Amino acid sequence: MTDELNAIRLMDITKSFGDVLANHNISLDVRYGEILALLGENGSGKTTLMNILSGIYYPDSGHIIVGGEEVSIHSPKDAHDLGIGMIHQHFKLVDVLTATENIVLGLKGDARLNRKDLNETIGKLSAKYGFEIDPAKKIYNMSVSEKQTVEIIKLLYRGAEILILDEPTAVLTPQESEKLFKVLRNMRNDGKAIVIITHKLNEVLAVSDRVSILRKGCSVGTVITGDTNRQELTELMVGRAVSLEIERPDPPAIKDAFLKVIDLTCVDSDGHTVLDNISFTLNRGEILGVAGIAGSGQRELCEAITGLYPIKGGAILCRGETPSGSFHENIVGKTPTEIIKKGVAMAFVPEDRLGMGLVASMDMVDNMMLKSYKNGKGPFTDRSTPKKMAEHMIKALDIVTPGVFTPISLLSGGNVQKVLLGREIASSPSVLLVAYPVRGLDINSSYTIYDLLNEQKKKNVAILYIGEDLDVLLELCDRIMVLCGGKVSGIVDAKKTSKDKLGLMMVHADSEKDGETA
């Protein structure tokens, strides 16, 4: 295909950050009237490459050809002038302004806005591509999908012909994702060139025309979507065959409740209710998944259970493990240390790995000691046991590290997560709470985490799993609790529900319990 028929052609693009080679001699083309998916594991260089196109980074070497002519893109303004626009995962909108005001913000024109004409123009754009938007609505009153719509229209209004979307469905419900795909197809049919950066194979197969795969900063190749499948794409990303099956051992036939949350209510520092009368039961030997749009109370729920978030009302009844303990201990108001002293063997893998879970500047041995140093006797701490534990974890979990004394901050995200989860599992918990344990991880690391959780399930551990990938929740979990705006909108049997049903519950359009006490 000639350059004139391409929207963009990249030739031998190389970009490094210090000793890290993010992109190495990458070549690919983007065509008008197509949706190109850019696929690769985390750290493969996808976002770096697109940031070069959008003017955020400048390549160390290589050529960028737009519309048949070689160009230099030194800034987002240069990209804009070439008709290139990028929508990042974190939107760049002013919350107190309306959709219209955000769309025209920064453009040259009269000091006073002709809102009638602007709203009419935006309305025509919306109708043309199938957007649903209220031009006069304030950003702070919008859902995530509405904010994303404003970002896309903002680019189209400014004349973008080439649009790049970074993980566009990361925080959307299935229904919102399908609406987005419909809009993207309409834009493609109108001749726009669209690139989506994603790690969701099902979405790649559903919406793209071609797929370009990156691996460790290099281009593996480009395939036609209709001629490939999930397994082939996975092998291209990873470089070898990978099983995409998630084991789901059956939970015990007789339900054995370990943790009961009753009417749990939490209020943040601004007085907003973040958890509103939450009630559910977590059984031994099961994985209870938690689904919900970001900010629905998932983080606060985990931290409240583990004694890290203040509780306004309700009870958390937990099975006591000590002979003197009652059958259920109310752990509300107890610190993590007090919960452990009550005989409740609880482990928590938080969303913030290096902020709350591990100390980045410490090595594996010291991070192991964080869990056990209080158990020591005398003035000296035991370093030999944590060292042996760290060495065992490196072998058992295939942790890539120069050694047990290497600072955690120098490890990749997947290896950091293995260290954190391995440490928590090593404490032989009775209940394990994990929040987004595979976020940002490659496929290999993700499936290792799933296997670790299932091993704990087989050991009769009660597991609360907070995740964002509904396909994984449906395959891995036994039951799924859906949160919406800090409330439980339903608890369902994972084997008997669908992704669409979960999506409806995430926006409170549905409500269902699974028949047992929530």
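Key figures for this structure:
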| item | result |
| --- | --- |
| Scan of segment 13-46 for residues that are outside any strand (DSSP E or B), among the small types (Gly, Ala, Ser) and touching a strand residue (DSSP E or B) at 6+ places or on another chain (Cβ under 7 Å), ordered by number | Ser44, Gly45 |
| Candidate set: segment 402-435, residues that are surrounded by fewer than 19 Cβ atoms within 10 Å (Cβ to Cβ) and of a type in the set (A, V, I, L, M); chosen: the one nearest to Arg383 (Cα to Cα) | Ala426 |
| Unique match (being at pLDDT 90 or above and among the β-branched types (Val, Ile, Thr)) among Val416, Val492, Val507 | Val492 |
| Filtered residues of segment 453-464 (kept if surrounded by 21 or more Cβ atoms within 10 Å (Cβ to Cβ) and either in contact with a Cys (Cβ under 6 Å, 6 or more places away or on another chain) or in a helix (DSSP H, G or I) (or both)) | Leu453, Gln456, Lys457 |
| Extreme residue, farthest from the chain's Cα centre (by Cα), among residues of segment 70-91 that are closer than 18 Å to Ile13 by Cα and in a loop (DSSP other than H, G, I, E, B) | Ser72 |
| In segment 273-293, the residues that are part of a strand (DSSP E or B) and closer than 28 Å to Ser145 by Cβ | Thr273, Val274, Leu275, Asp276, Asn277, Ile278, Phe280, Leu288, Gly289, Val290, Ala291 |
| Among (1) in contact with a Cys (Cβ under 9 Å, 6 or more places away or on another chain); (2) in the same structural domain as Asn23 (by TED's automatic domain parsing) - the single one Val223 does not satisfy | (1) |
| Tally of residues being at pLDDT below 90 and farther than 18 Å from Met356 by Cβ across segment 427-448 | 8 |
| Meets criteria (modelled with pLDDT under 95 and either farther than 28 Å from Pro429 by Cβ or in contact with a strand residue (DSSP E or B) (Cβ under 9 Å, 6 or more places away or on another chain) (or both)) for Leu464 | no |
| Residues that are small (Gly, Ala, Ser), over 16 Å from Leu118 (Cα atoms) and touching a residue at least 60 places away in the same chain (Cβ under 8 Å), drawn from segment 144-160 | Ala160 |
| Every residue from segment 80-96 that is of a type in the set (A, V, I, L, M, F, W, C) and farther than 21 Å from Ala22 by Cα | Leu82, Ile84, Phe91, Leu93, Val94, Val96 |
| Pairs, first closer than 19 Å to Asn444 by Cβ in segment 215-236, second buried (at least 17 other Cβ atoms within 10 Å of the Cβ) and charged (D, E, K, R), C-beta under 6 Å, six or more apart | none |
| The one condition in (1) at pLDDT 90 or above; (2) closer than 23 Å to Leu470 by Cβ that Leu172 fails to fulfil | (1) |
| Residues satisfying the stated conditions in segment 161-183, i.e. in contact with a strand residue (DSSP E or B) (Cβ under 8 Å, 6 or more places away or on another chain) and surrounded by fewer than 22 Cβ atoms within 10 Å (Cβ to Cβ) | Glu161, Asp166, Glu167, Thr169 |
| Output for segment 151-174, where each listed residue is part of a helix (DSSP H, G or I) and of a type in the set (Val, Ile, Thr) | Ile152, Ile153 |
| Residues being out of contact with any Lys or Arg (no Cβ under 8 Å at 6 or more places or on another chain), at pLDDT below 90 and either closer than 22 Å to Asn51 by Cα or part of a helix (DSSP H, G or I) (or both) - total across segment 129-146 | 3 |
| Residue list for segment 406-420, filter: outside any helix (DSSP H, G or I), within 17 Å of Asn444 (Cβ to Cβ) and in contact with an Asp or Glu (Cβ under 8 Å, 6 or more places away or on another chain) | none |
| Members of segment 385-403 that are over 28 Å from the mean Cα position of the chain (by Cα) and assigned to a helix (DSSP H, G or I) | Thr385, Pro386, Lys387, Lys388, Met389, Glu391, His392 |
| Test: residue in segment 184-191 that is touching a residue at least 24 places away in the same chain (Cβ under 8 Å), farther than 21 Å from Tyr32 by Cβ and surrounded by 18 or more Cβ atoms within 10 Å (Cβ to Cβ) | no |
| Any hit, segment 60-74, residues being modelled with pLDDT of 85 or more and of a type in the set (S, T, N, Q) | yes |
| Subset of segment 128-187 that is aromatic (Phe, Trp, Tyr) and more than 21 Å from Ala294 (Cβ to Cβ) - its residue that is nearest to the chain's Cα centre (by Cα) | Phe131 |
| Number of the condition not met by Thr406 [criteria: (1) under 14 Å from the mean Cα position of the chain (by Cα); (2) more than 27 Å from Lys46 (Cα to Cα)] | (1) |
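The values are calculated or read from the model by the stated rules, or taken from the named source; none is laboratory data. A quick note: this is a predicted structure, and the numbers were derived from the prediction, not measured. No Cβ is skipped: glycine too gets one built from the backbone with ideal geometry, and neighbour counts run over all protein chains shown.
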